[in-house]
1. Taking the simple approach of a point 7 Å from Cα along Cα-to-Cβ for both Leu419 and Cys193, what is their distance in nm?
2. Quote the charge dipole size of segment 328-422 about the Cα centre in Debye, to the nearest 20; the model charges only the Cβ of Lys and Arg (+1) and of Asp and Glu (-1).
3. Any chance you could run the full-extension gain for Thr11 through Glu201? It's 0.36 nm times the residue separation minus the Cα-Cα distance, nm to one decimal.
4. At 7 Å along the Cα-to-beta-carbon direction for both Asp372 and Val45, put a label point, then send me their distance in nm to one decimal.
5. Suppose we look only past 36 Å in the calculated P(r) of the chain. What percent of the Cα-Cα pairs does that tail hold?
6. Would you work out which of Gly187, Leu158, Gln64 lies farthest towards the positive end of the dipole of the chain? Charges go on Cβ: Lys and Arg +1, Asp and Glu -1.
7. At R0 = 56 Å, how high is the FRET efficiency between Asp384 and Lys65 if r is their beta carbon distance? Nearest 0.05 is fine.
8. Over the Cα atoms of segment 22-159, what radius of gyration and what Dmax do you get, in Å?
Amino acid sequence: MALITQAPRGTQDVLPETSYKWQYVEQTALSIARDFGFHEIRTPVFEHTNLFQRSVGETTDVVQKEMYTFEDKGGRSITLRPEGTAGAARSVLEHGLLSGALPVKVSYVTSCYRYEKSQKGRYREFHQFGVECFGASAPQADAEVISLAIQVLKEMGLKGVALRLNSIGCPTCRARYYEALQAYFTGRQSELCGTCLSRLERNPMRILDCKSPVCHGIAAEAPVVTDYLCEDCAAHFVAVQGCLSAADIAFTLDPHIVRGLDYYTRTVFELVAEDGLVVCGGGRYDGLVEELGGAPQPGLGFGMGIERLLMVMEAQNAPFPEAPTCDLYLVSMGQAAAQKCFALATALRDGGAAVECDIVGRSLKAQMKYADKLGAKFTIVVGDNELENGVAMMKDMATGESQEVSLDDGLYTVLRQKLLDRELAGVTDLFAEVAEIG
Ligand code: HAM
């Protein structure tokens, strides 16, 4: 049978066998963010198109080439969010959060949509864990956000991730820098791609992150922004570096990082894995809130690609928690036993145990095979005898040992104790392993 279609190019299904890894990464990241005082915000998947035009910027690749934009039935121009910052900023402004206590610190896990050439680590639907902090201009805020990103990667067990840091200044520094860029690129005008030619007048900095290899090569020799920073921006940048050093956070200065989105000012940074994959990017956007119509407030944050993070974790064999499995499978023989098993499963689940029983009407042998496939920790077979006596044998599937249990409320206590014993044995094994290595 031929399927009528497949998942669209650049999208991925996350199947049950791996979704627990996603849950682990997302929940851990959000929980670390909570420890830093960032609380979750949820915003719509789609926004009015002008939000992204104004924030991400008209001359960026994202807005010019990559947005999923469509007209809704009411004739409004709508865009699937290509990133998380603009929606978060719109939301905190719309709900007046910036009139309350500052800073406002939010975190999110969102899907993002960009019509990009799909390749390794680059998708059309991807997911970001991100944080945004509004109302904090001190260099400590930059260091805090960066250290949060690093803490997440550390907790995930990632090794060899480098922090690359730069400052791209404010509109004052930018004016002088644009002049230098325009002079440089005008000299090489004939080699630039069509899009970059149009950027030359309006936003020459965007030529620096053009994906065309020719423009990329020309950009590599262009003047660097750090040579044009005003006094305030230079001092801010030095202070950010001071904070990072004070906390022993290693970084490399990279004057070529300009980021592909227009809202950035001052600090910008990327976290790069050993194979060159950028797992996280972020920085300051001190003009964004005003650009969106709010009273001026500084802001900063980062976005971390979850697909990329998982790719690097897999490549490095980083530790994931064990895949969740069934605690107990209740095998039944006959209709009355099936009913009893269902009742027992309901009561045990109520207590929080992961319990399954037959819902297909399989034979005893097929149920046992299925329990094995599920990786059930324990099984109990219930037939006429067990029903009559109210007791059955509970088998530990790992050791093969069996123990008599009563098929009533007492079962819950026995199962809980057995599961605890298993966990403790696991911890003891781990200690023994560590002692051996040590
Ligand atoms: P970004 O650099 O465009 O920044 O994206 C952040 C991260 O999302 C990247 O470092 C990468 O890990 C992941 N990412 C981006 N595009 C793709 C893609 N097509 N496929 C897979 N992963 C991708 C932003 O989006 C900013 N909003 C970050 C930010 C928040 N800056 C301040 N606050």
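1. Result for the modelled spin labels: 5.4 nm.
2. 420 debye
3. My answer for the length gained is 64.8 nm.
4. 4.1 nm
5. 43 percent
6. Gly187
7. So, using R0 = 56 Å, E works out to roughly 0.20.
8. Final numbers for Rg and Dmax: 16.1, 50 Å.
No lab work stands behind these numbers, since they all come straight from the coordinates. The structure displayed is predicted, hence computed values, not measured ones. A quick note on method: Cβ atoms are made from the backbone with ideal geometry, for glycine too, and the neighbour counts reach across all protein chains shown.
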